[in-house]
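Peer 1: One structure, pasted below without further comment.
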Amino acid sequence: RLRLPPGPPGWPIIGNIFDLRTQTHRDFDRLKSMYGPVLWLKLGNLNTVVIQSAAAAAELFKKHDVAFADRKAPDSLNACDYIKGSLAEAPYDEYWRILRRLSLSELMVQKRIKSSAQLRKECIDKMIQWIKKDASEFCEIQLEKYLTIMTYNQLSSFMLTRDITDYKSETGNEFLEAMRNFLCWQGKPDVVDAFEFLKWLDPQGIRRHTRMYLEQLLKIVSVFVQERIQERNLQKGNNTRDFLDALLDYEGDGKGSVDKLSEKNINIIILEMFVAGTETTSNTTVWTMAELLRSPDSMSKLKAEIDRVTGSSRAVEENDIPELTYLRAVVDETMRLHPALPLLLPRKAREDTEFMGYDIPKGTTVIVNAWAIHRDPDSWEDPLSFKPERFLNSNINHKGQHYEIIPFGSGRRSCVGMLMAERTVSLTLARLIQSFDWELPANISPETLDMSEATGFSLRMSTPLKGVPREREAKC
Ligand code: HEM
């Protein structure tokens, strides 16, 4: 007999599906108070274990990282062979290792990140100019629009040395629109993942819509990739080597069987970086602005810190970030309360594993509820309040070694874009605060600002945040 973790009794066939009523991360958290931090659920056919405390997460990432290193990918992502080319959804195999190494050398090596600082600055400059322009025309602006466009352009200039969208279009261009739709369908729980026998029926239409938008997105990316291949054949183009060049240049490491990445897989990898890196980054920035607008005291402290570090004559730069301790505390505190991926990305047990005295069978879906861990009163004092001060004079940070705060995950499958994301979020915020005095619209007060969450691919505000920017003295 297996010693399974505790969990609510389920119904025949459907298991615990009815225990999930509202938002999955909140439902899991509710069940934690009844069954403890390691929860067992049967979701249709799926054996599922949910990890919901810092201690259990530490056990997972320190002792069982390899045993739980496969991904549980949604069935709909089999469309267009996406999973076969993906890094984030790949099983823990040789192909994943190659992509991970390649991405780390581009995204996590300080030298590469530093050399791309100018690109990020230019994208933020452009955003600030557009906010100034729109602020002079309209009283209030919807922040998400500007942050989304800026984040897409930062990533596209880093990966493809080009902008992918602009502020002029009202609805966003074809790529953004298709991506919005794709992420919206990916954010819906799919019954097919729990009941494989319904695969042929695709009852919610998720696979059909996913395929439609994936085809559209991959077609757009393939044009960029094709153009680059032709430029390289003609030895045209500028001399900057970007992420796409790194993928095209790959010729194997002499150890394994993969000696070249196919063009189809390169398209998927480029697309995936947009999927993984844009909404997560822009939503984190929006949540931070919302928390600051609700907390005038924190806003003033941050403004004072930025002014102190930069003086009165220049725009804040990435090099200033190490000195902006309050800014880093504000970002950490926001990621604690509003982790962009509240359940990280689900993993799968590669083998039968003994975990904290329980038997976890091979194939079990392993979910880490970062949202619940970040709000656990055993780890955090007054866990529901926004208090950046808790990170001052503390060595706790989000980088994956302190399991009470893991917005980027931890271990082998942790986020490869963390360095870039933390720089983007910090610099964007610093520039927004330095360039403008922000207020809430007249009919909203800090007490009535709607902070409720909408779940989709990532956690975002259910009511889009609006702010009133008033230009400060020009520094930028
Ligand atoms: C604030 C922004 C971001 C947050 C909160 C975030 C969070 C995460 C999380 C929680 C995971 C799963 C970790 C795990 O399973 O343990 C992940 C994986 C990943 N992220 Fe991010 N991410 C962000 C930005 C980015 C950016 C900018 C990129 C790329 C440019 C990126 C690329 C990836 C990739 C490729 C994976 C899959 C890694 C793997 O499976 O080996 N992310 N991210």
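The values are calculated or read from the model by the stated rules, or taken from the named source; none is laboratory data. Values in this document were obtained by computation on a predicted structure and should not be read as measured data. All Cβ positions, even for glycine, are placed from backbone atoms using ideal geometry, and neighbour counts span all protein chains on display. These accessible areas exclude ligands, DNA and RNA; they are computed on the full protein's heavy atoms, side chains included. Shrake-Rupley method; radii C 1.70, N 1.55, O 1.52, S 1.80 Å.
Peer 1: Considering segment 376-413 alone, what residues qualify as being open to solvent by less than 30 Å² (accessible area, probe 1.4 Å) and assigned to a loop (DSSP other than H, G, I, E, B)?
Peer 2: Hits for segment 376-413 are ASP376, TRP380, PRO383, HIS398, GLY400, ILE405, ILE406, PRO407, GLY409, SER410.
Peer 1: Can you pull out the helices (runs of 4 or more DSSP H) entirely within segment 1-100 that have at least 2 residues that are open to solvent by less than 10 Å² (accessible area, probe 1.4 Å) and more than 13 Å from the ligand (Cβ to nearest atom)?
Peer 2: 24-35
Peer 1: Which condition number in (1) touching a Lys or Arg at 6+ places or on another chain (Cβ under 6 Å); (2) within 25 Å of ALA304 (Cβ to Cβ) is the one that ASP352 fails?
Peer 2: Of everything listed in (1) touching a Lys or Arg at 6+ places or on another chain (Cβ under 6 Å); (2) within 25 Å of ALA304 (Cβ to Cβ), ASP352 misses just condition (2).
Peer 1: Do we find a residue being β-branched (Val, Ile, Thr) and assigned to a helix (DSSP H, G or I) anywhere in segment 368-375?
Peer 2: Yes, segment 368-375 contains at least one residue that is β-branched (Val, Ile, Thr) and assigned to a helix (DSSP H, G or I).
Peer 1: Check GLY417, GLY411 and return the single one that is modelled with pLDDT of 95 or more and at positive phi.
Peer 2: None of the other options fit; the residue is GLY411.
Peer 1: Search segment 341-356 for residues that are among the polar types (S, T, N, Q) and pair each with any residue that is outside any strand (DSSP E or B) when their beta-carbon atoms are under 9 Å apart and the residues are at least 6 apart or on different chains.
Peer 2: Here the result reads THR353/HIS64; THR353/ALA67; THR353/PHE68; THR353/PRO361; THR353/LYS362; THR353/THR364, each pair linking segment 341-356 to a residue that is outside any strand (DSSP E or B).
Peer 1: Checking LEU341 against (1) more than 28 Å from THR278 (Cα to Cα); (2) buried (at least 19 other Cβ atoms within 10 Å of the Cβ); (3) out of contact with any strand residue (DSSP E or B) (no Cβ under 7 Å at 6 or more places or on another chain), which test does it fail?
Peer 2: The failed condition is (1).
Peer 1: Considering each residue of segment 366-387, count those that are touching a residue at least 60 places away in the same chain (Cβ under 8 Å) and of a type in the set (Phe, Trp, Tyr), and give that number.
Peer 2: Residues that pass the stated criteria total 2.
Peer 1: Only one residue in ARG314, ARG294, ARG308, ARG350 is in contact with a Pro (Cβ under 7 Å, 6 or more places away or on another chain) and open to solvent by 20 Å² or more (accessible area, probe 1.4 Å). Which one?
Peer 2: ARG294
Peer 1: Do you know which of the residues in segment 200-227 that are assigned to a helix (DSSP H, G or I) and among the acidic types (Asp, Glu) is most open to solvent (accessible area, probe 1.4 Å)?
Peer 2: Out of the qualifying residues, it is GLU215.
Peer 1: So in segment 197-235, with the set limited to residues that are touching a helix residue (DSSP H, G or I) at 6+ places or on another chain (Cβ under 8 Å) and among the charged types (D, E, K, R), which one is nearest to ILE266 (Cα to Cα)?
Peer 2: The qualifying residue nearest to ILE266 (Cα to Cα) is ARG228.
Peer 1: Here's another thing I want to ask about it. Could you run through segment 138-181 and say how many residues are more than 16 Å from the ligand (Cβ to nearest atom), in a helix (DSSP H, G or I) and either without any contact (Cβ under 8 Å) to a residue 40 or more places away in the chain or crowded, with 21+ Cβ neighbours inside 10 Å (or both)?
Peer 2: Total satisfying the criteria: 6.
Peer 1: Check MET418 against each of (1) of a type in the set (A, V, I, L, M, F, W, C); (2) within 16 Å of the ligand (Cβ to nearest atom); (3) crowded, with 19+ Cβ neighbours inside 10 Å and name the one condition it does not meet.
Peer 2: Going through (1) of a type in the set (A, V, I, L, M, F, W, C); (2) within 16 Å of the ligand (Cβ to nearest atom); (3) crowded, with 19+ Cβ neighbours inside 10 Å one by one, MET418 breaks only (3).
Peer 1: OK, next. May I ask you to list pairs of residues, at least six apart or on different chains, whose Cβ atoms are under 6 Å apart, with the first in segment 414-436 being in a loop (DSSP other than H, G, I, E, B) and the second being within 7 Å of the ligand (Cβ to nearest atom)?
Peer 2: Sorted first by the residue in segment 414-436, then by its partner, the pairs are SER414/PHE408; CYS415/PHE408; CYS415/GLY409; VAL416/SER103; VAL416/LEU107; GLY417/LEU107; GLY417/GLY277.
Peer 1: Test ALA442 against the stated conditions and say whether it is touching a helix residue (DSSP H, G or I) at 6+ places or on another chain (Cβ under 9 Å) and either surrounded by fewer than 18 Cβ atoms within 10 Å (Cβ to Cβ) or among the small types (Gly, Ala, Ser) (or both).
Peer 2: Against the criterion (touching a helix residue (DSSP H, G or I) at 6+ places or on another chain (Cβ under 9 Å) and either surrounded by fewer than 18 Cβ atoms within 10 Å (Cβ to Cβ) or among the small types (Gly, Ala, Ser) (or both)), ALA442 does not qualify.
Peer 1: Inside segment 338-354, can you point out the residues that are over 14 Å from the mean Cα position of the chain (by Cα) and more than 9 Å from the ligand (Cβ to nearest atom)?
Peer 2: Matches in segment 338-354: LYS348, ALA349, ARG350, GLU351, ASP352, THR353, GLU354.
Peer 1: Taking only pairs six or more apart or across chains, which ones have beta-carbon atoms under 8 Å, a first residue in segment 89-102 that is within 17 Å of LEU248 (Cβ to Cβ), and a second residue that is assigned to a helix (DSSP H, G or I) and more than 11 Å from the ligand (Cβ to nearest atom)?
Peer 2: Every condition considered, the pairs that remain are LEU102/ALA246; LEU102/LEU247.
Peer 1: Then there's this: Between a first residue in segment 103-121 that is open to solvent by 50 Å² or more (accessible area, probe 1.4 Å) and a second residue that is not in a helix (DSSP H, G or I), which pairs have beta carbons less than 9 Å apart while being 6 or more apart in sequence or on different chains?
Peer 2: So the pair list comes out as LEU104/VAL416; MET108/VAL416; MET108/GLY417; LEU119/THR161; LYS121/ALA315; LYS121/GLU317.
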